[in-house]
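Scroll down for the structure; my scribbles are underneath it.
The values are calculated or read from the model by the stated rules, or taken from the named source; none is laboratory data. From a predicted model like this one, the values you see are computed outputs, not experimental measurements. Every residue, glycine among them, receives a Cβ derived from its backbone with ideal geometry; neighbour counts consider all protein chains shown.
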C-alpha cells in the first residue's frame, strides 16, 4: 500500500511541477504588455521634446522677425521717388536733411541701402489739393475767357464774308496824341469833340445803340459788312455822318488779316482805284473815308496819293486813324488839297468801361486845350456802355460835333 501512496504523491508533484511551469510561463508572458507600456512612454517623451524644440525655434524666428521688422530688404529703385510711402517708419527716412548726421559703422549690410533711398515726397506732391488743380487749369480758363472777350470785341466783324477781321495792335500807334501843329484855344472858342465809331457793318444792334445816344457820333462802315447798307441808311436818316472804313495793309500782314479787298503796298494805281470805287459804292451816303489798320500802307506815299486823288474826285474827306506814328495819310491829303483830319485818342485800346471813360475825359482835355479833338472807338460792348454812362458824366462845355464841323487846314 505504501508504494501506491508514494507513487500517487509523486505523480501529484509531477503534475504540480508542470502546473508550476505553466504558472511560471504566464507571468513571463504577462511581462510583454508591460514592455509595450514602457515603449509608449518612451515615444511620448520624444514627442514632448520635439514640441519643445519646435516652440523654441518658433520663438527664435519671432524674435528675429521682430528685430528685423523695420528693415526694408526690397531692392531700391533710385529713379522712382515713390518707393518711400507715407507709412515708412524708418528712422533714417524720418530724419530731416538739415539735421542728418553721418551714420555710425554697423555690421548690418542693409542700412546703407536704406540710407540711399530718396526722401519721402511731401503730401502736396503725392496728392495735389483742389486749389493746385484749379491753378493747373487756370491758363486754360484764362484762354477761354480771352476768347470770349475777343469774340465780343470783334462782334462787329463776325459776318464779313465768313472771314475774321482782326484789329491791329501796333505799338507804334500812340493812344493819345496832340495835333501835329497844336495851338491854344482862342478866347471865346467853343471846344469841339468828334467821336467816330468804326468797324461797323456786322452788328445791327450796335448801330441802334449808337443812334439812341443823346449826342451825335460819326459812323464808319466796313464796305463788306452784312448790315453796312442798312446801317448807313439808318445813320444818314438820323442826320449822322457816314464814312467808309477802308481796310489797308498792316505791318503784320499776311498773319494779321485786314479783311477783304484791302489796299496792299504792292498794288498799282488801277487796282487801288478799282477797290476804292467799289468800297465807296458799298457804303451809301458816305462823306469821308478812314483807314482800317493800314500801319504799313499809310507809310507808303505812292499808294496814299492814289487814295487821296480818288477821294478828291468824289468830294470825300480823309480821316487818318493814325495806326502808325509815321503815317503820311493826312500829310498827303494836305498836299493834294483835300479836307482831312487826324485821330487824337483811341478810346478802347483797353476794353474796360473805366479805361474808356478815362480816354473820353482825355479827349475832352485835348479839346479844351486846343479847341478840338477826334476820338475813335469800336462797337465793343464796353465802349457802348461807357458812351451811355458818359451821357450824364461828360463835360457840357465841350460840344460833340460831326467831323466836318471841325476846322481843317486846306
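So, of the residues in the range 354-391 that are touching a helix residue (DSSP H, G or I) at 6+ places or on another chain (Cβ under 9 Å) and outside any helix (DSSP H, G or I), which turns out to be nearest to residue 207 (Cα to Cα)?
Looking at the filtered set, the residue picked out is 379.
Does the range 198-211 contain any residue that is modelled with pLDDT of 95 or more, surrounded by 14 or more Cβ atoms within 10 Å (Cβ to Cβ), farther than 27 Å from residue 324 by Cα and more than 35 Å from the chain's Cα centre (by Cα)?
yes
Could you check residue 257 against (1) closer than 21 Å to residue 323 by Cβ; (2) at pLDDT 95 or above; (3) not in a helix (DSSP H, G or I) and say which number it fails?
The number of the failed condition is (2).
Checking residue 305 against (1) at pLDDT 95 or above; (2) in contact with a strand residue (DSSP E or B) (Cβ under 7 Å, 6 or more places away or on another chain): exactly one of these is not met. Which one?
Answer for residue 305: the failing condition is (2).
For the list (1) modelled with pLDDT of 95 or more; (2) within 38 Å of the chain's Cα centre (by Cα); (3) surrounded by fewer than 23 Cβ atoms within 10 Å (Cβ to Cβ), I need the number of the one condition that residue 397 fails.
In the conditions (1) modelled with pLDDT of 95 or more; (2) within 38 Å of the chain's Cα centre (by Cα); (3) surrounded by fewer than 23 Cβ atoms within 10 Å (Cβ to Cβ), residue 397 misses (2) alone.
Take the range 392-410 and flag every residue that is free of Cβ contacts under 8 Å to residues at least 24 places away in the same chain and not in a helix (DSSP H, G or I).
Passing the criteria: only 396.
Condition first: closer than 20 Å to residue 279 by Cβ and touching a residue at least 60 places away in the same chain (Cβ under 8 Å). Now tell me which residues in the range 247-258 satisfy that.
Across the range 247-258, the qualifying residues are 247, 250, 256, 257, 258.
Are any residues in the range 183-209 at negative phi and in contact with a strand residue (DSSP E or B) (Cβ under 6 Å, 6 or more places away or on another chain), and if so, which ones?
At the first step, the residues of the range 183-209 found to be at negative phi are 183-187, 189-198, 200, 202-209.
Matches in the range 183-209: 190, 192, 193, 194, 195, 196, 197, 198, 200.
Among the listed residues 223, 182, identify the single one that is surrounded by fewer than 24 Cβ atoms within 10 Å (Cβ to Cβ) and touching a residue at least 12 places away in the same chain (Cβ under 8 Å).
Details: 223 fails: surrounded by fewer than 24 Cβ atoms within 10 Å (Cβ to Cβ).
Answer to the check: 182.
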